[in-house]
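Here's the structure we're looking at; comments come further down.
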Amino acid sequence: MEFDINLHLNAIRRSVSLTEQEGEPAYAVTLHRAFAAELDNLWDATTNGERISRWFLPISGRLEVGGRFQLEGNAGGLITDCKCNSSFASTWEFGGDVSWVEVDLSEGDAGEVSLTLAHISRVSKHWDEFGPGATGVGWEMGLLGLAFHLDEPEAPKPDEAAFASSPNGKAFIAGSSDGWGRAAVAAGTDPEAALAAAARTRAFYSGEPT
């Protein structure tokens with residue numbers, strides 16, 4: 001599929017920080033992106049199960065505070081907070097591990113609205129191997145799909161496997177992985193370790209060897 005790779009890569013502000021979750025050390029991987037949309041529209045696109053399925057993954061469950069959700073073939077979790085047109089939060093449960101996702105929406109310049117997503121994970125061997133890109137690249141592809149959906153709400157969702165194997169998809173994954181490597185270095189990670197983790201992340205998402 002054709003799209004402006006650099007436009008979408010540069011639309012993301014990436015940051016990594018060391019924090020604490022439930023009394024244990026954790027890393028927060030944070031993405032910030034502005035969209036040319038109305039706040040009501042972005043809120044509906046990110047909280048309405050029918051619309052989520054059109055740009056992210058099919059989702060089932062009770063999408064309200066205290067309810068549980070399940071993304072088809074991926075994570076499930078418990079919705080822990082929701083403020084209409086402002087923010088929502090949940091656990092993110094996958095492969096026996098629990099992490100946390102927090103999303104905030106805010107109105108920006110005229111005709112734009114911003115989304116900030118933080119994915120908080122405990123310090124682990126998985127982090128040492130893949131770094132922030134393990135979650136960062138996945139969410140970045142999700143926000144790319146959201147941007148496409150907001151631009152063309154009735155267009156079919158791109159096939160994930162076809163995207164990852166396409167030249168533009170591979171270039172996007174490489175650029176995102178490198179971006180998260182730089183974010184890790186900015187947060188204090190040893191540059192050699194950060195670049196090696198970024199290469200492993202790129203290989204995971206693209207299916208190509210490091």
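The values are calculated or read from the model by the stated rules, or taken from the named source; none is laboratory data. Only a predicted model underlies this, so the values are computations on that prediction, with no experimental measurement involved. Every residue, glycine among them, receives a Cβ derived from its backbone with ideal geometry; neighbour counts consider all protein chains shown.
Out of T201, T135, T189, I need the residue that is buried (at least 18 other Cβ atoms within 10 Å of the Cβ), assigned to a loop (DSSP other than H, G, I, E, B) and at negative phi. Which one? Talk me through it step by step, then tell me what you get.
On the way: T201 fails: assigned to a loop (DSSP other than H, G, I, E, B); T135 fails: assigned to a loop (DSSP other than H, G, I, E, B).
Going through T201, T135, T189 in turn, the sole match is T189.
Please go through segment 106-117 and give me each residue that is surrounded by fewer than 20 Cβ atoms within 10 Å (Cβ to Cβ) and either in contact with a strand residue (DSSP E or B) (Cβ under 9 Å, 6 or more places away or on another chain) or under 18 Å from A28 (Cβ atoms) (or both), ordered by number.
Filtering segment 106-117 down to residues surrounded by fewer than 20 Cβ atoms within 10 Å (Cβ to Cβ) leaves 106-112, 114, 116.
If the condition is that a residue be surrounded by fewer than 20 Cβ atoms within 10 Å (Cβ to Cβ) and either in contact with a strand residue (DSSP E or B) (Cβ under 9 Å, 6 or more places away or on another chain) or under 18 Å from A28 (Cβ atoms) (or both), then S106, E107, G108, D109, E112, S114, T116 are the ones that fit.
On the basis of being over 19 Å from R54 (Cβ atoms), touching a Pro at 6+ places or on another chain (Cβ under 7 Å), in contact (Cβ under 8 Å) with a residue 40 or more places away in the chain and not small (G, A, S), does W180 make the cut? First the steps, then the outcome.
Details: over 19 Å from R54 (Cβ atoms): yes; touching a Pro at 6+ places or on another chain (Cβ under 7 Å): yes; in contact (Cβ under 8 Å) with a residue 40 or more places away in the chain: yes; not small (G, A, S): yes.
Taking the combined requirement at face value, the residue satisfies it.
Consider G207 against the criteria (1) among the small types (G, A, S); (2) surrounded by fewer than 15 Cβ atoms within 10 Å (Cβ to Cβ); (3) modelled with pLDDT of 95 or more: it satisfies all of them except one. Which criterion is unmet?
Of (1) among the small types (G, A, S); (2) surrounded by fewer than 15 Cβ atoms within 10 Å (Cβ to Cβ); (3) modelled with pLDDT of 95 or more, only one is false for G207: (3).
Taking the condition of being over 23 Å from L39 (Cα atoms) and either out of contact with any helix residue (DSSP H, G or I) (no Cβ under 7 Å at 6 or more places or on another chain) or without any contact (Cβ under 8 Å) to a residue 12 or more places away in the chain (or both), how many residues in segment 137-157 meet it? I'd like the intermediate steps shown before the answer.
The first filter runs over segment 137-157 and keeps only residues over 23 Å from L39 (Cα atoms), leaving 137-138.
Going one step further and asking which of them are either out of contact with any helix residue (DSSP H, G or I) (no Cβ under 7 Å at 6 or more places or on another chain) or without any contact (Cβ under 8 Å) to a residue 12 or more places away in the chain (or both), we end up with 138.
Final tally of qualifying residues: 1.
What pairs can you find where one residue is in segment 161-177 and free of Cβ contacts under 8 Å to residues at least 60 places away in the same chain and within 13 Å of A199 (Cα to Cα), the other is part of a helix (DSSP H, G or I) and among the hydroxyl-bearing types (S, T, Y), and their Cβ atoms are less than 6 Å apart, with a gap of 6+ or different chains?
From segment 161-177, the pairs are K170/S206; I173/Y205; I173/S206; S177/T201.
On the basis of being over 27 Å from W180 (Cα atoms), at pLDDT 95 or above and either crowded, with 18+ Cβ neighbours inside 10 Å or over 19 Å from the mean Cα position of the chain (by Cα) (or both), does G77 make the cut? Break it down stepwise before answering.
Working: over 27 Å from W180 (Cα atoms): no; at pLDDT 95 or above: yes; either crowded, with 18+ Cβ neighbours inside 10 Å or over 19 Å from the mean Cα position of the chain (by Cα) (or both): yes.
So G77 does not fit the description; no.
Scan R68, R33 and give me the residue that is surrounded by 12 or more Cβ atoms within 10 Å (Cβ to Cβ), modelled with pLDDT of 95 or more, basic (K, R) and closer than 23 Å to G133 by Cα.
Working: R68 fails: closer than 23 Å to G133 by Cα.
Unique residue meeting the criteria: R33.
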